[in-house]
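The values are calculated or read from the model by the stated rules, or taken from the named source; none is laboratory data. Just so it is clear, the model here is predicted, and its values are computed rather than measured. Cβ placement follows ideal geometry from the backbone for every residue including glycine, while neighbour counts extend to all protein chains displayed.
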Amino acid sequence: MLESLLEYFHASPIALLGLLAILLLCGVGLPLPEDVVLMAAGFLAGVKDHSWISASVVMYFGVVAGDSLAFFLGRRIGTPLLTFRWTLRLLPLKKQELIQRLFARYGSFVFFVARFLPGLRAGIFCIAGAMRASYLRFVLMDSAAAVISVPLWVWFGHFLWTKFGDNIGHLANSISVAHSYSVLVTLSLLAILVLAVWLLWRRFERSG
């Protein structure tokens, strides 16, 4: 699927705008890894002889807008959305209960961490909307996390383009491999971050 995506947008005049639309759909649960789309944006920026920074700006707004769509979808439809059959397949009740416990324990910090959780972020943002969480807090934390993740993946896609050029098949394979490793690295970093926050919280409780 990735190779077809690259081949289509490679010759398309809409290029980044097409990927921007895909990011909006990813925000509401499209089962396509977001970081793969961002890396493809970096590749296309290279093809069009554009800066990876300008591509990052476009993708950044797409990411935040897609996350906001998930948030307001939850707020608009509310909790009934979470009981739909298709929703329960993507987000079973046990995961929904876990997300609610995370909100109760860590508050708005969950929004920051969720940006790095593929497969869960859309559900987390939707539940946040249904629980009437503050949109201002949500968008601030989400935007801060996106400043880290979006430029990184777009730059990496641009780097792969400079290395492999028009060999789309090789590029697609490299992106797929990179995505697999990125999941492991992201989970490891999140585990370290959660542990650090937990230790600081315990120390704060004891000192208080």
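Some points to look at:
- Scanning the stretch 35-50 for residues that are under 11 Å from the mean Cα position of the chain (by Cα) and of a type outside the set (A, V, I, L, M) turns up just one, ASP35.
- Residue check, LEU32 in a loop (DSSP other than H, G, I, E, B), surrounded by fewer than 21 Cβ atoms within 10 Å (Cβ to Cβ), at pLDDT 75 or above and under 16 Å from the mean Cα position of the chain (by Cα): yes
- The residue of the stretch 150-166 that is modelled with the highest pLDDT, among those that are crowded, with 18+ Cβ neighbours inside 10 Å and not hydrophobic (A, V, I, L, M, F, W, C), is PRO151.
- Of the candidates LEU136, LEU190, the single residue that is modelled with pLDDT under 85 and out of contact with any Pro (no Cβ under 7 Å at 6 or more places or on another chain) is LEU190.
- Any hit, the stretch 96-108, residues being free of Cβ contacts under 8 Å to residues at least 60 places away in the same chain, in contact with a Lys or Arg (Cβ under 7 Å, 6 or more places away or on another chain) and more than 20 Å from PRO31 (Cβ to Cβ): yes
- Only one of ARG132, ARG121 that is in contact (Cβ under 8 Å) with a residue 24 or more places away in the chain, surrounded by 17 or more Cβ atoms within 10 Å (Cβ to Cβ), out of contact with any strand residue (DSSP E or B) (no Cβ under 6 Å at 6 or more places or on another chain) and charged (D, E, K, R): ARG121
- Residue in the stretch 102-110 that is within 30 Å of PRO80 (Cβ to Cβ) and at pLDDT 80 or above present: yes
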